[in-house]
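Working notes, beginning with the structure itself.
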Amino acid sequence: MNRIIRITAPYIASVVFSSIMLFSCDSTDDESSQGSQTEQEIEVITQKLSGEWKLVSSMVDGENVSVEDFECLKNSEATFSEDKYFIKYVNMGSSSGLCSMISERSGTYSVIDSTSISFFGSDDKVELIDESVHITYSNEASESQTDVFIRKDSEALVVSDQEKTTNIQTSPEEETDKTEKEEIKFDGSAVIEKLKGTWTHESSDECSKKNTLEFKSDEDLEFVQYKATFNRNDLLDYNIGVSYPIPSKFSAKVSKGRDQVTFDTEASCQFIKKSQLNYIVKDDKTVLLEGVSAVTIEVESDDTIVLIYKYLDSDSKDQTVEYSYRKMVK
């Protein structure tokens, strides 16, 4: 005997209602999950932005700004907090010739997506690209300017102790006191005759062994340094605001004070610095460089001199390194 099962209207309504409730719960859970994910993304971007940033590159209408303009602009900085930003731009004063023109911008920002943020009430285009912040805006000349900032604690800005010893700073730390110079009464003519000529660095490093000291006259000296590579700090030292990260093919030559520097990513030694210096013979063993108190040259023999360089290491402790040079035989 066949059993007939009757499905009543209340039963059908109950099934339909349960299905609707199940779908509604699943949908709500999905929306809740999406909302939570978006909040997490915002938090990640905010944490990524929070902190201090330094300007490392600036372009106007697609071209890098000049060395002269970047000399002051490179001191510009940005700070981001939970939802606020503050930017300080540094430019050269119109009449002073100093980095005295300061302009500041501040306000709140919001995260648009993983690569973009928005400054409230501004048309600026702000992007997060390769661990850097790119801000594009219309400058006072109505040109499109893009400034690139990277974190101040970025590895690209950290100068290692090794880098400090392979690029001896020759920029004037202080002008030698004329009185001090006049107080040196030693007749250094015999030492000068011994020094005149070119001296080469004794090193196993292919680039460093090209370093030379050439005593050209009674007081003029040319110091040439070679490095296998260069970094962002080297570029900033010489006011070059090349795009970030540094292009694989890049070359530039710039003069600053006593130094003439050549950058070339395709050269065997990518960094070459020629410094025109003045020297003073203090006694029969000691030679000083005017305005470069960190460097002393000791005369060991007729064919050997030692360059002594003092610097502060990463822990701000005094360090001394010595480089031996041998006189080239004509």
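Some values worked out for this structure:
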read-out: Members of the stretch 47-82 found to be surrounded by 16 or more Cβ atoms within 10 Å (Cβ to Cβ) and touching a Ser or Thr at 6+ places or on another chain (Cβ under 6 Å), listed by number; value: Leu55, Ser57, Met59, Val65, Leu73, Phe80
read-out: Selection status of Asp187, among the charged types (D, E, K, R), open to solvent by less than 40 Å² (accessible area, probe 1.4 Å), farther than 17 Å from Ser50 by Cα and at pLDDT 90 or above; value: no
read-out: Unique match (being in a helix (DSSP H, G or I), in contact with a strand residue (DSSP E or B) (Cβ under 6 Å, 6 or more places away or on another chain) and not small (Gly, Ala, Ser)) among Thr165, Thr146, Thr136, Thr170; value: Thr165
read-out: Selection status of Tyr244, assigned to a strand (DSSP E or B) and aromatic (Phe, Trp, Tyr); value: no
read-out: Given (1) under 17 Å from Ser275 (Cα atoms); (2) open to solvent by 40 Å² or more (accessible area, probe 1.4 Å); (3) in contact (Cβ under 8 Å) with a residue 24 or more places away in the chain; (4) not basic (Lys, Arg), number of the condition Glu214 does not satisfy; value: (3)
read-out: Condition check for Ser106: open to solvent by less than 70 Å² (accessible area, probe 1.4 Å) and not aliphatic (A, V, I, L, M); value: no
read-out: Of residues in the stretch 147-168 being more than 20 Å from Ile45 (Cβ to Cβ) and hydroxyl-bearing (Ser, Thr, Tyr), the one surrounded by the most Cβ atoms within 10 Å (Cβ to Cβ); value: Thr166
read-out: Ile272 closer than 18 Å to Ser189 by Cα, part of a strand (DSSP E or B) and hydrophobic (A, V, I, L, M, F, W, C); value: no
read-out: Residue among Val329, Val292 that is surrounded by 14 or more Cβ atoms within 10 Å (Cβ to Cβ), part of a loop (DSSP other than H, G, I, E, B) and at pLDDT below 95; value: Val292
read-out: Lone qualifier among Tyr85, Tyr89 - being at pLDDT 95 or above and closer than 14 Å to Ile45 by Cα; value: Tyr85
read-out: Residue match in the stretch 115-134 (condition: within 21 Å of Phe250 (Cα to Cα) and in contact (Cβ under 8 Å) with a residue 60 or more places away in the chain); value: yes
read-out: Number of the condition not met by Ser208 [criteria: (1) surrounded by 19 or more Cβ atoms within 10 Å (Cβ to Cβ); (2) farther than 30 Å from Thr146 by Cβ; (3) under 24 Å from the mean Cα position of the chain (by Cα)]; value: (1)
read-out: Those residues of the stretch 246-271 which are surrounded by 14 or more Cβ atoms within 10 Å (Cβ to Cβ) and touching an Asp or Glu at 6+ places or on another chain (Cβ under 7 Å), in sequence order; value: Gln270, Phe271
read-out: Residue, farthest from Thr198 (Cα to Cα), within the stretch 300-318, restricted to residues that are touching a residue at least 24 places away in the same chain (Cβ under 8 Å) and either touching a Leu at 6+ places or on another chain (Cβ under 7 Å) or open to solvent by less than 10 Å² (accessible area, probe 1.4 Å) (or both); value: Leu307
read-out: Residue ID - nearest to Thr46 (Cα to Cα), chosen from residues in the stretch 94-127 that are outside any strand (DSSP E or B) and in contact with a Gly (Cβ under 9 Å, 6 or more places away or on another chain); value: Phe120
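The values are calculated or read from the model by the stated rules, or taken from the named source; none is laboratory data. None of the values given here were measured: they were computed from a predicted structure. As a convention, Cβ positions derive from the backbone with ideal geometry for all residues, glycine included, and neighbour counts pool all protein chains shown. Surface accessibility is based on the protein's heavy atoms, side chains included, excluding ligands, DNA and RNA. Shrake-Rupley method; radii C 1.70, N 1.55, O 1.52, S 1.80 Å.
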